[in-house]
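J.: Please see the structure below; I have some questions.
Any read-out appearing in this document is the output of simple, stated calculations on the displayed coordinates, not a laboratory observation. Computed from a predicted model, the values in this text were never measured in an experiment. Backbone-built Cβ (ideal geometry, glycine too); neighbour counts: all protein chains shown.
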Amino acid sequence: MSQTVLSKKEKEKIIYRLLVQAPPGEFVNAFDDLCLLIRDEKLMNHQGERAGHQHCKKYSVPLCIDGNPVLLSHHNVVGDNRFFDHQSKLSFKFDLLQNQLKDIQSHGIIQNETEYLRTAVLCALKLYVNDHYPAGNCNVLRKNVKGREFLIACIEDHSYESGNCWNGLWKSKWIFQINPFLTQVTGRIFVQAHFFKFVNLHIEISKDLKESLEVVNQAQLALSFARLVEEQENKFQAAVLEELQDLSNEALRKILRRDLPVTRTHIDWQRILSDLNLVMYPKLGYVIYSRSVLCNWII
C-alpha cells in the first residue's frame with residue numbers, strides 16, 4: 001500500500017486549518033495534541049503563531065494591561081499582527097501559546113470629541129457589563145473609515161471548564177457612526193458552547209441587529225447606547241433559553257449528522273463490557289464476541 005507524502009506547504013495548510021477550528025478556550029489543547037502527531041517543533045510554532053493571532057481576533061480573547069481589560073479583535077489590529085489598546089495607548093503582539101505580550105510600543109492617539117465620547121460610552125458600558133456578567137470584559141474602540149468616525153463596542157464573557165468537559169463563550173459587537181442628530185447601531189451577538197463528556201456537541205447561535213439612536217449630547221448618547229445593548233442582549237438571552245428548553249427530540253435528530261436514537265440517558269459502558277462473553281481462539285490469535293450489543297447514542 002503506497003503512502004502519501006505531504007509537502008511542507010501542504011502540512012502548513014492542514015496544521016493552520018485544524019488550529020483555527022479550535023473552539024474558544026481550547027487552542028492550546030489543540031496545539032499540544034497536534035505537536036504529538038507532527039513532531040516538528042519549528043513548523044508547529046510558526047503555524048501556532050499565525051493561527052493564534054487569528055484565534056484571538058475571532059473569539060475576542062481578553063487581556064489585562066495596567067489593570068484594564070483589553071479585548072483583541074480585528075478592529076484593533078494595526079498591521080504586522082499587532083494590536084492596539086486605546087486605554088494604555090500601547091501597541092503590541094500577543095503570543096497566545098505563551099500567554100504574553102511582545103514587542104510593546106507606545107502608540108499616540110488624537111484627543112478630540114470622538115475620544116471623549118469613546119470614554120463616556122466605555123464608562124456607561126462598564127456599568128452594564130459589571131451588573132450582568134460574572135466575569136465580563138468590554139472595550140470601546142475608535143475607527144476611521146474613509147473620513148468617517150465610528151465607535152465599536154465589544155463585550156466578552158466566558159466560562160472555560162475543560163476539566164468538566166465543556167467550554168462556553170458569549171461575545172457581542174456594536175458599531176455606530178458619529179452623527180450629529182441620529183445614528184444607526186449595528187450589532188451582532190454570538191454564543192458558542194462545546195460539550196464533550198458523553199458526546200462531542202457544538203452549539204453556535206448568533207443574531208444580527210439594527211437600531212437607531214437619537215443624538216443630543218455625549219452623556220445622553222452613552223447612556224442610551226448602554227440601555228439599548230442591555231435591552232437587546234436580555235431579549236436574546238431569554239429567546240435562547242426558551243429555544244433550548246423547548247428543543248424536542250425531533251429537532252435534536254435534525255442537527256445530528258446521522259439519524260440516531262435519542263434516549264437522554266448516559267451509556268453504562270462498564271455494564272456493557274461485563275455483559276460481553278469473550279471467547280479466545282489461541283490458534284487464530286484474536287478475540288471475537290459471542291454476543292453483539294446495540295448501543296444507543298445519547299444527547
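J.: Would you tally the residues in region 175-221 being farther than 18 Å from residue 75 by Cβ and in contact (Cβ under 8 Å) with a residue 12 or more places away in the chain? Give the derivation first.
T.: Residues of region 175-221 that are farther than 18 Å from residue 75 by Cβ, as a first pass: 179-182, 191-205, 207, 210-221.
This time we only want the ones that are in contact (Cβ under 8 Å) with a residue 12 or more places away in the chain, so: 179-182, 191-199, 201-205, 207, 210-215, 218-219, 221.
Matching residues across region 175-221 total 28.
J.: I'm trying to understand the selection: among the residues of region 61-74, which are in contact with a Phe, Trp or Tyr (Cβ under 9 Å, 6 or more places away or on another chain) and outside any strand (DSSP E or B)?
T.: Applying the first criterion (in contact with a Phe, Trp or Tyr (Cβ under 9 Å, 6 or more places away or on another chain)) to region 61-74 yields 61, 63, 65, 70, 72-73.
Correct list: 61, 72, 73.
J.: So, one more: Can you give me the number of residues within region 75-100 that are among the aliphatic types (A, V, I, L, M) and assigned to a loop (DSSP other than H, G, I, E, B)? Don't jump to the end; show me each part of the working.
T.: Going through region 75-100, the residues among the aliphatic types (A, V, I, L, M) turn out to be 77-78, 90, 96-97.
Now drop any that are not assigned to a loop (DSSP other than H, G, I, E, B), which leaves 96-97.
Result for region 75-100: 2.
J.: Turning to a different aspect of this structure: Out of region 78-95, which residues are in contact with a helix residue (DSSP H, G or I) (Cβ under 6 Å, 6 or more places away or on another chain) and surrounded by fewer than 19 Cβ atoms within 10 Å (Cβ to Cβ)?
T.: Across region 78-95, the qualifying residue is only 81.
J.: Same structure again: Checking the condition over 30 Å from residue 198 (Cα atoms), within 24 Å of the chain's Cα centre (by Cα), surrounded by fewer than 20 Cβ atoms within 10 Å (Cβ to Cβ) and of a type outside the set (Asp, Glu), which residue from 105, 111, 98 passes? Before you say what the answer is, go through the steps one by one.
T.: On the way: 105 fails: within 24 Å of the chain's Cα centre (by Cα); 111 fails: within 24 Å of the chain's Cα centre (by Cα).
Answer to the check: 98.
J.: If we scan region 22-43, do we find a residue that is of a type in the set (Phe, Trp, Tyr), surrounded by 15 or more Cβ atoms within 10 Å (Cβ to Cβ), within 25 Å of residue 160 (Cβ to Cβ) and more than 13 Å from the chain's Cα centre (by Cα)?
T.: Looking through region 22-43, at least one residue is of a type in the set (Phe, Trp, Tyr), surrounded by 15 or more Cβ atoms within 10 Å (Cβ to Cβ), within 25 Å of residue 160 (Cβ to Cβ) and more than 13 Å from the chain's Cα centre (by Cα).
J.: Tally the residues that are of a type outside the set (Lys, Arg) and crowded, with 19+ Cβ neighbours inside 10 Å, restricting the search to region 130-151. Reasoning before the result, please.
T.: Within region 130-151, the subset of a type outside the set (Lys, Arg) is 130-141, 144-145, 147, 149-151.
Pick out the ones that are also crowded, with 19+ Cβ neighbours inside 10 Å and you get 136-141, 151.
Total satisfying the criteria: 7.
J.: Checking residue 123 against (1) more than 29 Å from residue 194 (Cβ to Cβ); (2) hydrophobic (A, V, I, L, M, F, W, C); (3) not in a helix (DSSP H, G or I), which test does it fail?
T.: (3)
J.: What number of residues within region 45-60 are under 25 Å from residue 136 (Cβ atoms) and free of Cβ contacts under 8 Å to residues at least 40 places away in the same chain?
T.: Taking region 45-60 and keeping what is under 25 Å from residue 136 (Cβ atoms), we get 52-60.
Restricting the remaining residues to those that are free of Cβ contacts under 8 Å to residues at least 40 places away in the same chain gives 54, 57-58.
Going through region 45-60 one residue at a time, the tally reaches 3.
J.: Which condition number in (1) over 16 Å from residue 155 (Cβ atoms); (2) surrounded by fewer than 20 Cβ atoms within 10 Å (Cβ to Cβ); (3) in contact with a helix residue (DSSP H, G or I) (Cβ under 7 Å, 6 or more places away or on another chain) is the one that residue 48 fails?
T.: Only one criterion is unmet by residue 48, namely (2).
J.: A further question on this structure: If we scan region 215-231, do we find a residue that is under 22 Å from the mean Cα position of the chain (by Cα) and either surrounded by fewer than 18 Cβ atoms within 10 Å (Cβ to Cβ) or of a type in the set (Asp, Glu) (or both)? I'd like the intermediate steps shown before the answer.
T.: Going residue by residue through region 215-231, those that are under 22 Å from the mean Cα position of the chain (by Cα) are 229-230.
Now restrict to residues that are either surrounded by fewer than 18 Cβ atoms within 10 Å (Cβ to Cβ) or of a type in the set (Asp, Glu) (or both): 230.
Yes, region 215-231 contains a residue that is under 22 Å from the mean Cα position of the chain (by Cα) and either surrounded by fewer than 18 Cβ atoms within 10 Å (Cβ to Cβ) or of a type in the set (Asp, Glu) (or both).
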